[in-house]
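Okay, so here's the structure we're looking at.
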Amino acid sequence: MSTTERPRILVVGGGYVGLYAAKRIMKKMRYGEATVTVVDPRSYMTYQPFLPEVAAGSISPRHVVVPLRRVLPKAEVLTGRVTTIDQDRKVAVVTPLVGEAYELPFDYLVIALGAISRTFPIPGLAEQGIGMKGVEEGIGLRNHVLEQLDKAESTTDENVRRKALTFVFVGGGFAGAETIGEVEDMARDAAKYYTTIKREDMRFILVDAADKILPEVGPKLGTWGKEHLESRGIEIYLGTSMDSCVDGHVVLKNGLEVDSSTIVWTAGVKPNPALARFGLPLGPRGHVDAAPTLQVTGTDYIWAAGDNAQIPDVAARKAGVENAWCPPNAQHALRQAKVLGDNVISGMRGFPQKEYSHSNKGAVAGLGVHKGVAMIVMGGMKIKLKGRLAWYMHRGYHGMAMPTFNRKIRVFADWTLGMFLKREVVSLGALESPREEFYEAAKPAPAAAAPAPAEKAKAS
């Protein structure tokens, strides 16, 4: 970390908003005008809409992450966490991955911590659940599912086999529906290479407390999505929730009980709890309270956007929707980040702030190869698509929204190769503990047991 007498713009979080806001600021500011410092526990940004395709093996995991230092070569990138913020002194405490925590002064602050999985105190969830917020979880889910097929093929215990081939997904929003659609697609392909496993032997279950899935695309397309998944043999239970999953024994509120080795949790997100330590005004659900200019309420040097902020939806309110807030999705995050970057520059130079306003352009979801739903808003009209055409819209939109030209090319290359080559169905379960085999080879041999006193006497 370098020291500087220039004003410091501290960006807390290197996700979608943090990356794009920092890029915008660096692009707009004059040479030497300020120092931009980005702090995040990871040295890369993850494009989360592609995690289901990572779990299905349609995209290489490395191609859905963007290295911060490569994209922000003129910024300071610190790998660590901002644990506390002293607004009076304008100082943040940074805890690096290694070493002692230290204070970092700042002049302007951007809060872009994003969100984490929203969980509940369900017995067994912490031990058994698999989230879908990070690329590590996408890789882990893929390897885990394929490893279950390996276990089922190799065992003679029918109970072990049944548990291995039962997959439970909790949450019917975009993350849950897309993930179960992609993973079922992959498992269906993989089953062709096993002699004793057919798709009919597997059981896929989707659970949601709401009365519908895919609410983001509207009721009609949500109903079509539900019927489509059910036509592929996926059981969907709505209006219910999971009571417990201790040791993989899943108990649903509707009375259904199953044993499963795979429990995927995608039941929504919540703002990062670290926000509570920053002394910022928070809304009822823990989001940072911000104005339409993205300035944190009551401040003129702190901005917030993305999943960790509640931003008034100016466009929706103008259309007559009361108390409308911007939804936590990539469509808003990208546009908010650009306005935020411009407003930081304006604030630094003493110019007026610009309000963020964006009309919803629709939503797209992929449910496996050649399968999807899309709701596109054009000229005030809602165009609803389903099936292969919607799937092309899903890939086209997110492919173009993927940060950096480098990653766009790599993602489209993965898709192009997938048109001509069969899907890889290799399980790399050893990734969970890559040093285990070496440890077994390198650990000291156990010392030979000392002879008993009687044996010593015989020897003498």
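The values are calculated or read from the model by the stated rules, or taken from the named source; none is laboratory data. Keep in mind it's a predicted model, so treat the numbers as computed, not measured. Neighbour counts run over all protein chains shown; Cβ positions are idealised from the backbone, glycine included.
Among the residues of segment 427-445 satisfying the criterion of being in a loop (DSSP other than H, G, I, E, B) and under 23 Å from the mean Cα position of the chain (by Cα), which is surrounded by the most Cβ atoms within 10 Å (Cβ to Cβ)?
Taking the candidates together, the pick is Ser427.
Pick from Leu125, Leu113: which is within 30 Å of Cys245 (Cβ to Cβ) and in contact with a Ser or Thr (Cβ under 7 Å, 6 or more places away or on another chain)?
Step by step, each of Leu125, Leu113 is checked, and only Leu125 is within 30 Å of Cys245 (Cβ to Cβ) and in contact with a Ser or Thr (Cβ under 7 Å, 6 or more places away or on another chain).
Going through segment 198-238 one residue at a time, which ones are of a type in the set (Lys, Arg) and touching a residue at least 12 places away in the same chain (Cβ under 8 Å)?
Matches in segment 198-238: Arg199, Arg203, Lys212, Lys220, Lys226, Arg232.
Of all residues in segment 111-129, which are surrounded by 17 or more Cβ atoms within 10 Å (Cβ to Cβ) and either of a type in the set (Ser, Thr, Tyr) or over 17 Å from Arg42 (Cα atoms) (or both)?
Within segment 111-129, Ser117, Ile122, Gly124, Leu125, Gln128, Gly129 meet the criteria.
Report whether or not Thr35 is of a type in the set (S, T, N, Q) and touching an Asp or Glu at 6+ places or on another chain (Cβ under 8 Å).
Here the answer is yes, as Thr35 does meet what is asked.
Need at least 3 residues that are closer than 18 Å to Ala191 by Cβ per element, so show me which helices (runs of 4 or more DSSP H) inside segment 118-169 make the cut, counting only ones lying wholly within it.
Where helices (runs of 4 or more DSSP H) fall fully within segment 118-169 and carry at least 3 residues being closer than 18 Å to Ala191 by Cβ, they are 135-154, 158-164.
So which of Gly396, Gly418 ends up being surrounded by fewer than 18 Cβ atoms within 10 Å (Cβ to Cβ) and under 16 Å from Ala56 (Cα atoms)?
Residue meeting the stated conditions: Gly418.
Consider Gly379 carefully, then state whether it is in the same structural domain as Leu221 (by TED's automatic domain parsing), at pLDDT below 90 and of a type outside the set (Asp, Glu).
Yes: the conditions hold for Gly379.
Read through the list (1) at pLDDT 85 or above; (2) within 30 Å of Arg395 (Cα to Cα), then give the number of the only condition that Ser427 fails.
That leaves (1) as the condition not met.
For segment 130-139, which residues satisfy the criterion of being buried (at least 18 other Cβ atoms within 10 Å of the Cβ) and not β-branched (Val, Ile, Thr)?
Gly131, Met132, Lys133, Glu137, Gly138
Inside segment 217-307, counting only strands (runs of 3 or more DSSP E) that do not spill past its ends, which hold 2 or more residues that are under 22 Å from the mean Cα position of the chain (by Cα) and at pLDDT below 95?
It comes to 269-271.
Among the residues of segment 1-42, write down those that are in a strand (DSSP E or B) and touching a strand residue (DSSP E or B) at 6+ places or on another chain (Cβ under 6 Å).
Arg8, Ile9, Leu10, Val11, Val12, Thr35, Val36, Thr37, Val38, Val39
Which residues, counting only those in segment 31-52, are over 19 Å from Gly268 (Cα atoms) and either buried (at least 24 other Cβ atoms within 10 Å of the Cβ) or not small (Gly, Ala, Ser) (or both)?
Tyr31, Glu33, Thr35, Val36, Thr37, Val38, Val39, Asp40, Pro41, Arg42, Tyr44, Met45
Scan (1) assigned to a loop (DSSP other than H, G, I, E, B); (2) touching a residue at least 12 places away in the same chain (Cβ under 8 Å); (3) surrounded by fewer than 16 Cβ atoms within 10 Å (Cβ to Cβ); (4) among the aliphatic types (A, V, I, L, M) for the single condition Ala315 breaks and write down its number.
The number of the failed condition is (1).
Determine whether segment 59-73 contains at least one residue that is over 22 Å from the mean Cα position of the chain (by Cα), outside the structural domain of Thr262 (by TED's automatic domain parsing) and touching a residue at least 24 places away in the same chain (Cβ under 8 Å).
No, the conditions are met nowhere in segment 59-73.
Across segment 382-424, which residue is modelled with the lowest pLDDT among those that are over 23 Å from the mean Cα position of the chain (by Cα) and small (Gly, Ala, Ser)?
Of everything passing the filter in segment 382-424, Gly418 is modelled with the lowest pLDDT.
So Glu103 ticks every box in (1) surrounded by fewer than 15 Cβ atoms within 10 Å (Cβ to Cβ); (2) at pLDDT below 95; (3) not in a loop (DSSP other than H, G, I, E, B) but one. Which box is left unticked?
Exception for Glu103: condition (2).
What number of residues within segment 148-191 satisfy the criterion of being under 19 Å from Trp265 (Cβ atoms) and surrounded by fewer than 20 Cβ atoms within 10 Å (Cβ to Cβ)?
Counting residues in segment 148-191 that are under 19 Å from Trp265 (Cβ atoms) and surrounded by fewer than 20 Cβ atoms within 10 Å (Cβ to Cβ) gives 1.
Quick check: anything in segment 27-35 in the same structural domain as Ala75 (by TED's automatic domain parsing), hydrophobic (A, V, I, L, M, F, W, C) and more than 30 Å from Glu184 (Cβ to Cβ)?
Checked against the condition, which is being in the same structural domain as Ala75 (by TED's automatic domain parsing), hydrophobic (A, V, I, L, M, F, W, C) and more than 30 Å from Glu184 (Cβ to Cβ), segment 27-35 yields at least one hit.
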